[in-house]
Amino acid sequence: MSDQLRAPEAPVAEGLAAPYDALLLLSFGGPEGPDDVVPFLENVTRGRGIPRERLKEVGQHYFGFGGVSPINGQNRELLDALRKDFAEHGLDLPVYWGNRNWAPYLTDVLREMAADGRRRIAVLTTSAYASYSGCRQYRENLADALAALADEGVGELPRVDKLRHYFNHPGFVQPMIDGVLTSLAGLPAEVRDGAHLVFTTHSIPTAAADASGPTAEHGGGGAYVKQHLDVAKVITDAVRAETGLELPWELVYQSRSGAPHIPWLEPDICDHLEVLHGAGAPAAVMVPIGFVSDHMEVLYDLDTEATAKAAELGLPVARSATVGADPRFAAAVRDLLLERAAGERGESVERCALGLLGAGHDLCAVGCCPARAPRPAAAGADSPYA
């Protein structure tokens, strides 16, 4: 399947990235030490009125890992992979990195990019799917940062274009397929053939899920659920083709953080493991398709909590790898960048995608993944920054 990537073997011809003069990797951010944990959580929850003492309780997840979130280190690895891939293919395009909730902060990085003379920036977010928190909120962050630069008197603001959702790009999916195959092979032989594939992603409020994606897709879990189900089926079909096994599979959720009276997507991963055990499932492979890298919600919610639940039940489990800095993902980012650049130049381009949903839109339409309270968002049809 990896041959479906359009990653050229020969160097990229000069000018194929035009009109873009930089790529920005935009991520969530995380603490780099114990003293950072509560200030980081204050950034994440700003405006929600959560007491500091409650944040200290939540921060125990981070304190258990020395107060360091793995996400920043993983983003540095992805940066290195992107720069290496670009260099190997003759793509002379600088790659920057900024975060929503911790240093390097997005506003600071955009200020640096503007000072460096970057005027047309392609943006890759570390979220592959459509949702408010995974797409529009990043667009709001971009608008906030650009507004801050305008208030500072930065003369010419750069234009930012967010690259499309890549949940079904082969360079994102194939590493996950390989991860499932590796995890299956690591299960005891006597339970392997009957293992269940448990695809997991971040739970979000059902109202947010229903409103995810373009307005035509709203309702019934919206684009968020539909996209995850499509990827899960692609992976399951590929595993069957490779192994000959018709493995049962389910999409479940993790990392719920909202008030208990607000409906969120279910079932929870730990609840589902109990159901599987009660139904006599011999084993399970947890497949975190909703996450780009092994950050805290993977290491704690899956590797710690869910794995402990499985051990308590006596259910053999394995957790497959996320994509991380896999070279195929770096090649996919290059592919997405060159695809968007060609489209901006008015050229026709083949858009790479697996599954039934096809390649996603370049420009988020008005009403796509709406916020509860309207706020300006860049890099969309309703952007105040053309």
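The values are calculated or read from the model by the stated rules, or taken from the named source; none is laboratory data. No experiment lies behind these values; they were computed from the predicted model shown. For neighbour counting, all protein chains shown are included, and Cβ atoms are generated from backbone atoms with ideal geometry for every residue, glycine included. SASA here: full protein model, heavy atoms, side chains in, ligands and nucleic acids out. Shrake-Rupley method; radii C 1.70, N 1.55, O 1.52, S 1.80 Å.
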When ligands, DNA and RNA are left out and all protein chains stay put, how many square angstrom of accessible area per residue does the chain have with a 1.4 Å probe?
42
So, with points 7 Å from each Cα along the Cβ direction, the residue 313-residue 366 label distance in nm works out to 4.7
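Net charge around residue 283, counting only other residues with Cβ within less than 11 Å of its Cβ (Lys, Arg = +1; Asp, Glu = -1)?
On the way: positive: 192; negative: 190, 193.
Within the 11 Å Cβ shell, the charges total -1.
Give the shape of the range 168-323 as rounded, prolate or oblate, defined through the alpha-carbon gyration tensor: a ≥ b ≥ c are the square roots of its eigenvalues, a/c under 1.5 means rounded, and otherwise the shape is prolate if a/b is larger than b/c and oblate if not.
Numbers: a/c = 1.81, a/b = 1.29, b/c = 1.41.
Taking the square roots of the gyration eigenvalues as a ≥ b ≥ c, the range 168-323 is oblate.
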The range 249-332 - percent relative contact order, Cα under 8 Å, separation 6 or more
33
Amide H proximity to residue 96 below 5 Å, modelled H, separation 5+ or other chain, gives 23, 24, 25
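Let me spell out the model: positive unit charges on the Cβ of Lys and Arg, negative unit charges on the Cβ of Asp and Glu, origin at the Cα centre of the range 188-280. What dipole size does that give, in debye rounded to 20?
Details: 5 positive and 13 negative charges, 42 e Å.
The calculation lands at about 200 debye.
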Which value, in debye to the nearest 20, gives the size of the charge dipole of the range 231-308 about its Cα centre, when Lys and Arg are +1 and Asp and Glu are -1 at the Cβ?
180
Expressed in nm to one decimal, what extension gain is obtained for the pair residue 305 and residue 45 from 0.36 nm per residue of sequence separation less their Cα-Cα distance?
91.3 nm
Between the range 53-86 and the range 255-299, what is the C-alpha centre distance in whole Å?
21
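Where Rh is the Kirkwood radius over the Cα pairs of the range 255-332, the temperature 4 °C and the viscosity 1.567 mPa s, what D in µm²/s does Stokes-Einstein return? Could you put the intermediate results ahead of the total?
Numbers: Rh = 13.9 Å.
For the chosen part, D equals 93 µm²/s.
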Based on Cβ point charges of +1 for Lys and Arg and -1 for Asp and Glu, what charge dipole magnitude is obtained for the chain about its Cα centre, in debye rounded to the nearest 20?
760
By a straight-distance test (C-alpha under 27 Å), which lysines pair with residue 84 as possible cross-link partners, with residues fewer than eight away in the same chain excluded?
162
per DSSP, antiparallel bridges as share of beta bridges in the chain, % nearest 5, sits at 5
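May I ask for the longest run of the chain untouched by trypsin sites (Lys or Arg not before Pro) that are loop-located per DSSP and have at most 11 neighbouring C-beta atoms (other than their own) within 10 Å?
Free of exposed loop sites, the longest segment is 49-371.
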Please report, as a whole percent, how much of the solvent-accessible surface of the range 253-369 comes from carbon and sulfur atoms (probe radius 1.4 Å).
55
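More than 17 angstrom separation, counting every C-alpha pair in the range 266-386; what % is that? Please report the intermediate quantities before stating the final value.
Values: 5193 of 7260 pairs.
For the range 266-386, the share of Cα pairs beyond 17 Å comes to 72 percent.
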Note: the chain, point scatterers on Cα, Debye, no solvent; log10 I/I(0) at q = 0.08, 0.14 Å⁻¹ equals -0.41, -1.33
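Based on alpha-carbon positions alone, could you give the equivalent ellipsoid semi-axes of the range 39-187 from the gyration tensor, as √(5λ), descending, whole Å? Don't skip to the answer; put the middle values down first.
On the way: eigenvalues 155, 134, 43 Å².
After diagonalising the Cα gyration tensor, the semi-axes are 28, 26, 15 Å.
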Straight distance only, please: which aspartates and glutamates reach the Cα of residue 226 with their own Cα at less than 19 Å, same-chain residues fewer than 8 apart left out?
210, 217, 237, 250, 266, 268, 362
By how many nm would the segment from residue 54 to residue 240 lengthen if fully extended, with 0.36 nm per residue of separation less the alpha-carbon distance?
62.4 nm
Inverse of <1/r> over all distinct C-alpha pairs of the range 12-61, i.e. the Kirkwood Rh in Å, gives 13.8
